[in-house]
1. Considering only VAL80, LEU26, SER51, whose Cα is most displaced toward the positive end of the charge dipole of the chain, charges sitting on Cβ of Lys, Arg (+1) and Asp, Glu (-1)?
2. When the scattering of the chain is computed by the Debye formula from its Cα atoms alone, each counted once and equally, what is log10 I(q)/I(0) at q = 0.12, 0.13, 0.16, 0.21 Å⁻¹?
3. For GLU16, what charge total do you get from the other residues with a beta carbon under 10 Å from its beta carbon, if Lys and Arg give +1 and Asp and Glu give -1?
4. If you take the beta carbon distance between MET1 and GLU34 as r and set R0 to 30 Å, what does 1/(1 + (r/R0)^6) give as a FRET efficiency, to the nearest 0.05?
5. Compute the FRET efficiency between THR22 and GLU87 as 1/(1 + (r/R0)^6), taking r as their Cβ-Cβ distance and R0 = 22 Å, and round to the nearest 0.05.
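What follows draws every value from the coordinates through simple rules; no lab data is involved. Everything numeric here is computed off the predicted structure, so don't read it as measured data. Cβ coordinates were reconstructed from backbone atoms using ideal geometry, including for glycine residues, and neighbour counts include every protein chain displayed.
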Amino acid sequence: MYEKLDRSEGRVVGYEVRDELTEEELEEILLDLEEVIIEEGSVRILVHVPSFPSPDLDALDEDIGFWLEHGDDIDRYAIVGDSKLVEWVTELEDRLTDIDLQYFEEEDLDEAWAWLEDS
């Protein structure tokens with residue numbers, strides 16, 4: 001389950017992801033991000049994961065395809081949560097991609113938004 005966050009504006013888009021994220025839900029998110037890329041030229045993404053979500057395994061194919069096609073269109077990617085595993089995965093992905101990824105603790109949600117909104 002996910003919710004697009006109200007603070008989303010222009011090329012800065014945020015989502016809160018809880019519990020299981022289905023293939024259909026991930027497809028909705030990716031279509032939304034593609035629209036932002038078309039309109040704005042690039043996107044900055046915030047994903048708030050207050051609990052560790054479990055993705056539908058079929059959804060991972062969609063996710064990988066999106067990253068291969070649009071990786072250069074993502075300026076910054078903030079992950080906000082309270083999980084050492086999510087923090088570790090974020091740090092690993094930051095080393096493996098050219099995308100500027102950063103993990104923020106749950107209490108630093110506003111700081112994550114500010115980092116994305118900063119020119």
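1. VAL80
2. With no solvent term, the Cα-only Debye profile gives -0.38, -0.46, -0.72, -1.39.
3. Values: positive: LYS4, ARG18; negative: GLU3.
Net local charge, GLU16 excluded: +1.
4. Numbers: r = 21 Å, r/R0 = 0.70.
Between MET1 and GLU34 the formula returns 0.90.
5. Numbers: r = 25 Å, r/R0 = 1.12.
Once the sixth-power term is evaluated, E becomes 0.35.
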